[in-house]
Amino acid sequence: MLATVHRVAEGDLSARTATTRVQDDEISRLASEVDRMAEALSQRDRALTETRDRAQLYLDVVGVMVVVLNEKGNIMLANRKACEVLGCGPEGQCVGGNWFENWLPLENREQVRSVFDRIMAGETGPVEYYENHILTTRGKRRLIAWHNTPLRDKSGRIIGTLSAGQDITDLRQMGDALRDSRNRYQALVENIPSAVFRCGIDFPWRVEHISAAIESLTGVVAERFIDGSARYGEFIHQDDLSSVEQAISEGVARRRPYVVEYRLHHRGEKAWRWVFERGQATYTESGTPLWLDGVIDDITEKKLAEEERERLQAQLQQAQKMEALGQLTGGIAHDFN
């Protein structure tokens with residue numbers, strides 16, 4: 001019976017007394033109580049094991065990291081996702097290891113440890129969002145977004161932390177790449193002398209985006225067109241408006257690029273500038289036009305040069321006519337003579 005008690009105390013809940021013959025009523029009852037105690041402990045242990053396994057199963061199907069640290073910063077629980085990200089394997093080899101010494105970059109340990117210490121001291125409540133890098137067992141650096149909350153015992157004393165983390169490494173890299181691409185695109189667009197635009201399909205062509213070059217054509221900064229305080233269609237010469245609408249309408253209907261020349265009013269110079277616009281509509285999958293995308297070039301100097309050339313051509317033709325008339329007059333006078 002004493003051997004059974006020792007085995008139960010050491011964790012062998014399957015141990016039972018070997019008493020088969022009643023030699024003394026008191027000893028028999030004591031042995032029976034020992035067996036009942038062992039059985040009760042065994043049932044409770046099975047229930048706890050089932051509860052633990054069920055909780056672990058719930059945690060393992062969650063798509064985020066779940067990590068429990070004790071007051072020393074050692075991992076007491078890590079779900080499958082946490083083991084996968086940390087590189088510990090699916091069997092939970094992370095459990096027991098010190099979080100700060102094993103999975104944090106050296107340069108981040110002091111900062112993260114200070115947050116952990118404030119939580120353990122009760123100086124701060126749950127940390128709703130916190131980002132820091134971790135090191136996997138293979139030495140790879142990953143960026144994790146954490147949500148942390150303190151764990152308390154029945155008396156309310158803080159005994160550890162529960163943390164849920166999302167690996168945002170790829171998302172952050174994608175965001176950085178997207179921002180870099182957008183910045184390069186913006187720099188390229190702003191260095192193009194043409195005004196690059198995206199606008200609505202119909203008059204007055206509500207502007208979604210237009211580059212800074214529009215200011216040199218209208219005397220109005222691009223931001224005013226984008227916020228709607230300036231309406232692009234109202235800058236077009238009234239005599240040219242119908243031809244602009246027709247060119248756009250035909251291009252949209254045929255799903256082809258359109259080109260059109262017209263005059264824009266420059267408010268700063270109080271003058272008209274000639275522009276050449278090339279654009280094309282974008283459509284939904286069902287074929288509905290969404291936007292016009294294109295560029296607008298200043299062709300004022302070209303127009304002035306053409307007008308000057310036409311004026312000189314007209315003068316030349318007039319001079320040639322006068323010369324021919326002079327020759328004709330001279331011939332007639334000669335005949336009279």
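The values are calculated or read from the model by the stated rules, or taken from the named source; none is laboratory data. Predicted model only: the values in this text are computed from it and were never measured. All Cβ positions, even for glycine, are placed from backbone atoms using ideal geometry, and neighbour counts span all protein chains on display. To get the accessible areas, we keep the full protein, side chains included, count just its heavy atoms, and leave off ligands, DNA and RNA. Shrake-Rupley method; radii C 1.70, N 1.55, O 1.52, S 1.80 Å.
Key figures
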item	result
Probe 1.4 Å - accessible area at R179, Å² to nearest ten	110
Taking the C-alpha atoms of the range 170-218, convex hull volume expressed per residue in Å³	83
Low-density loop positions, trypsin sites (Lys or Arg not before Pro), the range 230-270 - DSSP coil, at most 13 other Cβ in 10 Å	R255, R267, K270
Spin-label model distance (nm) - E269 vs M37, 7 Å beyond Cα toward Cβ	10.3
Ranking by accessible area, most exposed first, for V244, V68 with a 1.4 Å probe	V68, V244
Rounded percent of accessible protein surface that carbon and sulfur make up, the range 150-284, 1.4 Å probe	51
Cα-based equivalent ellipsoid, the range 100-246: semi-axes from gyration tensor eigenvalues, Å	56, 19, 12
Range of Cα positions in the range 187-266 per principal axis (Å), largest first	32, 27, 21
The range 221-292 shape via C-alpha gyration tensor axes, a/c threshold 1.5	oblate
HN-Hα J in Hz across the range 284-296 - Karplus 6.51, -1.76, 1.60, θ = phi - 60°, x for Gly and Pro	6, 4, 7, x, 7, x, 9, 9, 10, 10, x, 9, 10
Per-residue HN-Hα couplings for the range 194-206 [Karplus 6.51, -1.76, 1.60; θ = phi - 60°; Hz; x = Gly/Pro]	6, 8, 8, 9, 9, 8, x, 6, 10, 3, x, 6, 4
